[in-house]
Amino acid sequence: MGTTILSDLGTEILIPVCALIGIGFALVQWVIVSKVTVSTDGKSSSSGAGADGKNGYAESLIEEEEGINDHSVVHKCAEIQNAIAEGATSFLFTEYQYVGVFMVAFAILIFLFLGSVEGFSTKSQACTYDSSKMCKPALATAVFSTISFLLGAVTSVISGFLGMKIATYANARTTLEARKGVGKAFIVAFRSGAVMGFLLAANGLLVLYIAINLFKLYYGDDWEGLFEAITGYGLGGSSMALFGRVGGGIYTKAADVGADLVGKVERNIPEDDPRNPAVIADNVGDNVGDIAGMGSDLFGSYAESSCAALVVASISSFGVNHEFTAMLYPLLISSVGILVCLLTTLFATDFFEVKAVKEIEPALKKQLVISTVLMTIGIALVSWIALPSTFTIFNFGIQKEVQSWQLFLCVGVGLWAGLIIGFVTEYYTSNAYSPVQDVADSCRTGAATNIIFGLALGYKSVIIPIFAIAISIFVSFSFAAMYGIAVAALGMLSTIATGLAIDAYGPISDNAGGIAEMAGMSHRIRERTDALDAAGNTTAAIGKGFAIGSAALVSLALFGAFVSRAGISTVDVLTPKVFIGLLVGAMLPYWFSAMTMKSVGSAALKMVEEVRRQFNTIPGLMEGTAKPDYANCVKISTDASIKEMIPPGALVMLTPLIVGILFGVETLSGVLAGSLVSGVQIAISASNTGGAWDNAKKYIEAGASEHAKTLGPKGSDPHKAAVIGDTVGDPLKDTSGPSLNILIKLMAVESLVFAPFFATHGGLLFKMF
């Protein structure tokens, strides 16, 4: 088959070195952010000497009228930051206690199910795909799958937690820097996002690489068994992400809806007003939902696409001939991705400086374009040095001959499809373009027309992303079968560090705006943080677009690996077993969305009652002479989200097990296909509808254009209609939509992990008749 230019030793050095560079870069960014001090001793927010003014510290300050040397403002910011950080930490600890119990229980389940495939025998067995060879016993797969599941789960939890810590550390620093100008605040928020992006990408890669090398000590030449056991890593990552996303999403939206309905609509006070009892809970929610949830979610996607590619590669010529460098091609792509993202980040922080409000969104969009262009070169390089010129890829029982340039095209197609999805999402959710402006305009005639226009926009925004996903599937499958689809998903996620940096930037800016309002800073500063936040809203929608697009590809690749592992030769839609699975699978995203939406609704109801109670019973609250009871609102959100995240989580985790055991692998293959097809559509439309409503409201509030001025100001009838649309869209864009991409990936990876058990013992109902 030919040798590779990069030696096995080179691969063993390159991957961990790139991961460590990523971690090092994240720490450097963190040190720079920490130079902005949030304390009232001596000088205000500009300690740290001997650095250039560009990084947002150590420069002479002229704007006295902004209250830059006002210690009381800095002190207030520090207080608010502490309250947000405490709320977020206590929520995540409570959530992780519940999730930890589930993790242990599910790990035991994996061990029992997979161990029972051969009756817990310790004898070697014939290999699944090549019965002439002997492989390690099924019991070994059970043990190592359980270990990799726990590894993935712990890494996912740590990723989410670190992200939240960094975000709560950076929010007040962004607010304080906004006093010097929008450019300084942008850099602090963006650097903090980069800390999270690089830590997550590097940790995910490093843990996976170490796990493969440790497992190899036992498995030796049995690569088929080794990489089958590694799939547990993806399952662990995504199962934690599910609870993080759903729990965090319910928390943040219960607080947000409660704060908006009573504060803005009933009491006519501005967003993030310190008199609003739910305001701290709302800001905590941004960190636990959008940061910790998103971090775990993208880590899960990354882990699963790597696992799907490795499983298929292990039964192709790479695995059969033990070509270590070619085998780790997916990890090499991620390694180069970290270096590419590092270079891309420097464009935003060091090479070009944001000076005006209108430069914020283009600066973030440039990040996507630059990383995609550079990554295309990176992929070409990796494909040239790490792949033999020709090789074979397993394609449902036969080996298909593939050339290295074809694999480069597969990864490239995924990468560029991601960019297209990102830009289409931006077009439909940014208030710089006509779709959102039309939605804002429809608010003239009330909330009903706003809702109609918003829903139509969401449905319409599905068209181009679906074509992009369809074309990338067709191209990559034609070239390299299921392996092509898995590496296309990896291509889309290869710039994950930049994607996450842009994504985390949004909630950090949102929090910064909230802190500015609560600390009573001037109108000009609030305008700057609002501008940062509006750009962050659009980039968050772009991040969700990436997550959903990659989830579709990952899910399909895992589906292919599952079908191969379960020994199904073809999935025939015309057989009743498969067709009933398709119908039920297509229904699951609706059931899941109904659960999450209703959870947000019932939690918001409790929040609204509590906020009303405080306004009615605490004397002097509206006048600003008394302080509200923030802690009670935080407690309501925490309790509601922990309780409500369990049913949707159970639905996703138990469906594959019940279907596989009772109805067998054919019906399960139908369920997976059905949930993939309907889940992607609902996820895209829900995310974009919610994003559009939110930005339509911000468009009216900002009043930046003549058109917007005719709809405003805050408190006008069109503005009230926009607030209602935004409130309806909140659970869509931050709870149901983003959680759906985890549903489609998680069911597929879970089916793959349990495939040996389902293939041997599944389909009990059909066996009876």
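Brief remarks follow.
- Region 433-583, accessible area per residue, ligands and nucleic acids excluded (1.4 Å, Å²): 32
- The accessible surface of region 356-448, taken with every protein chain in place and a 1.4 Å probe, is 67 percent carbon and sulfur.
- Taking a Cβ cut-off of under 15 Å around Leu9, the surrounding Lys, Arg, Asp and Glu residues balance to a net charge of -2, with basic ones at +1 and acidic ones at -1.
- Value of [θ]222 nm, deg cm²/dmol, for the chain, DSSP H segments ≥ 4, -39500 (n - 2.57) each, nearest 500: -26500 deg cm²/dmol
- Computed about its Cα centre, the charge dipole of the chain is approximately 700 debye, with only Lys, Arg, Asp and Glu carrying charge at their Cβ.
- q = 0.14, 0.16, 0.26 Å⁻¹, region 203-288: log10 I(q)/I(0) [Debye, one scatterer per Cα]: -0.62, -0.70, -1.13
- Extent along principal axes [Cα atoms of the chain; Å; largest to smallest]: 81, 61, 43
- Local charge for Phe615 was computed over the other residues whose Cβ lies under 15 Å away, with Lys and Arg +1 and Asp and Glu -1, and equals -1.
- Split the accessible area of region 613-769 by element, probe 1.4 Å, and carbon with sulfur accounts for 67%.
- When cysteine pairs in the chain are screened for C-beta atoms closer than 4.7 angstrom, the residues that find no partner are Cys18, Cys77, Cys307, Cys341, Cys410, Cys443, Cys633.
- Expressed as a whole percent, the accessible surface of region 231-326 that belongs to carbon and sulfur atoms is 51, based on a 1.4 Å probe.
- Å² per residue, accessible surface of region 641-700 at 1.4 Å: 22
- Efficiency of FRET from Cβ geometry, Val373 and Glu706, R₀ 41 Å, rounded to 0.05: 0.65
- Length released on extending from Tyr590 to Glu353, taking residue separation times 0.36 nm less the Cα-Cα span: 80.8 nm
- Per-residue SASA entry for Leu162, accessible area with 1.4 Å probe, Å² rounded to 10: 60
- Contact order relative to length of the chain, as percent, for alpha carbon pairs under 8 angstrom and 6 or more apart: 19
- Förster radius 41 Å - calculated FRET efficiency between Val101 and Lys123, Cβ distance, rounded to 0.05: 0.75
- For Phe423, the solvent-accessible surface with a 1.4 Å probe is about 60 Å², rounded to the nearest 10.
- The slack in the chain from Phe474 to Asp130, taken as 0.36 nm per residue of separation less the alpha-carbon distance, amounts to 121.0 nm.
- Over all Cα atoms in region 341-433, the spread is summed up by Rg and Dmax: 18.0, 58 Å.
- In Å², nearest 10: area of Ile108 left accessible to a 1.4 Å probe: 90
- Whole-Å distance, taken between Cα centres, linking region 647-719 and region 262-327: 15
- Equivalent ellipsoid semi-axes - Cα gyration tensor, region 704-769, angstrom: 53, 13, 7
- The convex hull around the C-alpha trace of region 228-373, projected and averaged over every direction, spans 12.2 square nanometres.
- Sequence-separation-based contact order of region 613-729, relative, with Cα cut under 8 Å and 6+ spacing, percent: 15
- The C-alpha atoms of region 110-263 occupy a region whose extents along the principal axes are 71, 34, 20 Å, arranged from largest to smallest.
- Multiplying the residue separation of Asp70 and Phe769 by 0.36 nm and removing their Cα-Cα distance gives an extension gain of 243.7 nm.
- Mean projected area in nm² (Cα convex hull; one quarter of hull surface) for region 528-620: 10.8
- Quotient of C-alpha Rg and 2.2 N^0.38 Å, computed over region 611-701: 1.81
- Environment charge at Gly712 (Cβ cut-off 12 Å; Lys +1, Arg +1, Asp -1, Glu -1): +3
- When the listed pairs Lys35/Lys365; Lys606/Lys698; Lys366/Lys460; Lys355/Lys720; Lys643/Lys714 are checked against a 29 Å cut-off, the alpha-carbon distance exceeds it for Lys355/Lys720; Lys643/Lys714.
- Based on protein heavy atoms only, region 111-175 ends up with 39 Å² per residue of surface accessible to a 1.4 Å probe.
The values are calculated or read from the model by the stated rules, or taken from the named source; none is laboratory data. Note that the coordinates shown come from a computational prediction; the quantities given were computed from them, not determined experimentally. All Cβ positions, even for glycine, are placed from backbone atoms using ideal geometry, and neighbour counts span all protein chains on display. Surface areas here come from the heavy atoms of the whole protein model, side chains and all, with no ligands, DNA or RNA. Shrake-Rupley method; radii C 1.70, N 1.55, O 1.52, S 1.80 Å.
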